[in-house]
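Visitor: Handing you this structure, nothing more for now.
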Amino acid sequence: MELKEIKEIIELVSEKGFTEFELQKDSFRLKISASFNQETILASKPQAAIVKTEVVATSLEKTPVLQAPPQVKPEQELYKIKSPIVGTFYRAPSPTADPFVKVGSQIKQGTVICIVEAMKLMNEIESDIVGEIVEIYVENNHPVEYGQPLFGVKVN
Amino acid sequence: MFKKILIANRGEIACRVIWACRELGIETVAIYSEADSDSLHVRFADDAVCIGPPPSGQSYLHIPAVISAAEIKNVDAIHPGYGFLAENAHFAEVCEACNIKFIGPTPQAIRTMGDKAQAKKAMKDAGLPLLPGSDGIVETVEEAITIAANIGYPVIVKASAGGGGRGMRIVRNASELTSAYQTARHEAGAAFNDPSVYIEKYLENPRHIEFQILGDTQGNVVHLGERECSIQRRHQKLIEEAPSVLLTPEIREKVGTLVAKACQAIGYVSAGTIELLFDNDCNFYFMEMNTRIQVEHPVTEMITGVDLVQAQIRIAAGEPLGFSQEDVRFNGHSIECRINAEHPEKFTPSPGLITAFNVPGGPGVRIDTAAYPGYTVPPNYDSMVGKLIVHAATRQMAIARMKRALDVMIVEGIKTTIPLHRRIMDSPDFISGNLSTRFMETFLAQQKAGQG
C-alpha cells in the first residue's frame, strides 16, 4: 500500500469522525484509532480530534505516523445500531473467540453483532438493518448505556 | 462507609439523596430514562447512566437495568428513594444477591409490611391497636356479614394488596354489603391480581397521623414524632405538618414509645413510618407501615434537626444511630406543600415546559425540587415538581411564612397547585387545625359554593 493511499485513508477517517478504523489487505493490516478529548465529544460539532495511527501487522513498507487534518465533519449517512440495554459490551462470544463482526463485515437483520452483559446474562444483540459495519464506537469489555451507539453501519 | 451509591430514582428525591451523599463524602451515580436526560439529578450526580426508554417499566422499575447500571459503575449501595423500587422486596433481595447494599430495611420486613393483612398481624402482635375488623382475609359473603354486624356499621371493605383507593368500598348498612364485597373483590383481582379483601371499622372523620421511626442494626429504635397528613385528595397527600395540633406532648410520648417498641419487636432497621388513624378523642389505630423514606420527611427533619436520608445511609453502612430517644427534641412547627404540575381546581396533570421559575428564600424556607427554568416536566412520571417547606417557632408563624413563600414562588408555563395551597392557608378550618381526611372534600365543596 502506498503512503499516499494511507494518507488518504487517514484523511477520510478523520473527516468522517470515526473513532476506530481497521483495514486488512492480504498480509497488511492498518488500524487507526482517534481519541477525542471530552470537550470535543460534548460539543455538538467536534472541532479537533487527535488521530493516532498504528500499523499492526507485517508490511514491507514503512508507515510513518501522520498528523490528521484538524477539521472533522459530523457524519450523517451512517445508521447507528444502539445498545438496547445498559451493561457491558463484548465483541466476541468468549475472550478467545473471534469477534462477531469487524469493520467491513456485511450484516443483515438477525446477524448477531455483539453481546451486552446485564446481571450476568449474556444478551446477544442482533442487527436490525442490512449493511456494512464501518464503525465500532465502543471498545470490547466497556460499559454501555441504554441507547448508546455501538456500531455505525453503511446501509446497503 | 460506602464509597459510591447509585440512586435508583429521579426528580427531587434523587437530588435529595445526592445532597446527603455529598455531605457524607460519598460519590453518586444517577440513573435516568431517555425522558430525563435534562434532569438535575443527572447533572448533579458524579456519574450518570441512561438505563432505558421513558416508560418506568422499562427504566426506573426495570430491575435488570438498574442492577446492571450498578454493576458497570461498581457501586457499594443503592438508595431507592420513594416509589418505584423502594418497597419491592424482590429488588432488595436481588441487591443482596449481587453484593450491593440496599439502603432500607430487610427484604423480609418490606414483604411483611407490603401485605396489609400480614402487616396488621405483625403490628398487633407487636402491641399496636388495630381498627376493629376481620382477622385477616374475608373468604365469603356470609363471613363478611357476620363480621360487619359484630364491629358495627359503617365498615370499609379493602383489598389486601391494595392502595390508591382501588378495591375499597365504604358500607353504611347491611343491605349494601353483599354488592360492595363482591365489587371490591372484583376490583382487587383486576388491579392487583389478588382478590383478597378484609373488613374493618370505618371512621367518619379520622386524622391521618404518622410516626417517623429510625432503627439501626444494633437494635436501637427511636421515634422522631409525628406528621399530620390529613390533607389528602384521593389518598394523595397535599400538605403535611409536624407536629400535629391534636397531640399533646404526653400523647406523643405514649404513642411514640409504643410504635418504637413495636418496630424494635419486629427487628426493624432503617427509616420507617407507622401510619395511624386518630379520632378526635385520640384513640388511634395502626393502618400500615411504609418501609421507605417518605415524600414528607422534611417536616420531621425541620423540627428534629435529624437528617433522615443521611441516617438511612449510615444505618445501612452498619453504623449505630448515635443518639437515643432522650436526645430527640422537637423545635417549632413545620409545614410542607407539595407543588404538583396539576390544574389547581381540576387536578388534571399539566406537564410541559417551565418558562419561569422563582423559588422563595429567606429565614425558615426550604425547597426540595429538581425543576428549573427551561425544564420540561415529562408526562411519564408523577406530577410533583417540588416541595415547599417552612419552619417557624409556632404553627401560626409557620402559616404566615408559608403564605409569604407561596406568594413569591413562581412557576410559569405549566399549571401548579400553588394557588390551591395559598387558598388552603387562608381556610378557617386549616388555620384552626380542624383537620381530617375529609378536609379536601369539604374545602373543595366550600370553594365551589363560594364561587357559585
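The values are calculated or read from the model by the stated rules, or taken from the named source; none is laboratory data. Model, not experiment: these values are computed from the prediction. Neighbour counts are summed over all protein chains in view; Cβ atoms, including those assigned to glycine, are modelled from backbone coordinates with ideal geometry.
Rundown of residues vs (1) of a type outside the set (D, E, K, R); (2) outside any strand (DSSP E or B); (3) more than 17 Å from B:ILE424 (Cα to Cα), yes/no style:
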| position | (1), (2), (3) |
| --- | --- |
| B:GLN212 | yes, no, yes |
| B:THR217 | yes, yes, yes |
| B:HIS223 | yes, no, yes |
| B:CYS229 | yes, no, no |
| B:LYS237 | no, no, no |
| B:SER244 | yes, yes, no |
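Visitor: Give me a count of the residues in region B:61-84 that are away from chain A (no Cβ under 12 Å) and part of a loop (DSSP other than H, G, I, E, B).
Guide: Filtering region B:61-84 down to residues away from chain A (no Cβ under 12 Å) leaves B:61, B:75-84.
Those left that are additionally part of a loop (DSSP other than H, G, I, E, B): B:61, B:75-76, B:80-84.
Qualifying residue count for the region: 8.
Visitor: Hey, another quick one. Considering only region A:81-97, state which residues are in a loop (DSSP other than H, G, I, E, B) and closer than 16 Å to B:VAL66 by Cα.
Guide: Step one: of region A:81-97, the residues in a loop (DSSP other than H, G, I, E, B) are A:83-86, A:91-97.
Selection gives A:SER83, A:PRO84, A:ILE85, A:VAL86.
Visitor: Ok, one more. Being surrounded by 14 or more Cβ atoms within 10 Å (Cβ to Cβ), of a type outside the set (Gly, Ala, Ser) and within 14 Å of chain B (Cβ to nearest Cβ) is the filter here; which residues of region A:100-121 pass it?
Guide: A:ILE115, A:VAL116, A:GLU117, A:MET119, listed by residue number.
Visitor: Okay, moving on. Tally up the residues in region B:13-60 that are crowded, with 18+ Cβ neighbours inside 10 Å and either assigned by TED's automatic domain parsing to the domain that holds B:ALA311 or closer than 20 Å to B:PHE91 by Cα (or both), please.
Guide: Qualifying residue count, region B:13-60: 16.
Visitor: Give the residues of region B:424-446 that are more than 22 Å from the chain's Cα centre (by Cα), crowded, with 16+ Cβ neighbours inside 10 Å and assigned to a helix (DSSP H, G or I), sorted by residue number.
Guide: Residue satisfying the conditions is B:PHE443 alone.
Visitor: While we're on this one: For region B:392-423, what are the residues that are surrounded by fewer than 16 Cβ atoms within 10 Å (Cβ to Cβ), over 15 Å from B:HIS333 (Cα atoms) and among the small types (Gly, Ala, Ser)?
Guide: The answer is none; no residue qualifies.
Visitor: Mind telling me which of the residues B:GLU226, B:GLU240 ends up being closer than 26 Å to B:ALA161 by Cβ, in contact with a Lys or Arg (Cβ under 8 Å, 6 or more places away or on another chain) and buried (at least 21 other Cβ atoms within 10 Å of the Cβ)?
Guide: On the way: B:GLU226 fails: closer than 26 Å to B:ALA161 by Cβ.
Being closer than 26 Å to B:ALA161 by Cβ, in contact with a Lys or Arg (Cβ under 8 Å, 6 or more places away or on another chain) and buried (at least 21 other Cβ atoms within 10 Å of the Cβ) holds for just one of B:GLU226, B:GLU240, which is B:GLU240.
Visitor: Now, a different point. For residues that are within 14 Å of chain B (Cβ to nearest Cβ) and among the charged types (D, E, K, R), scanning just region A:126-156, find the one that is surrounded by the fewest Cβ atoms within 10 Å (Cβ to Cβ).
Guide: A:GLU139
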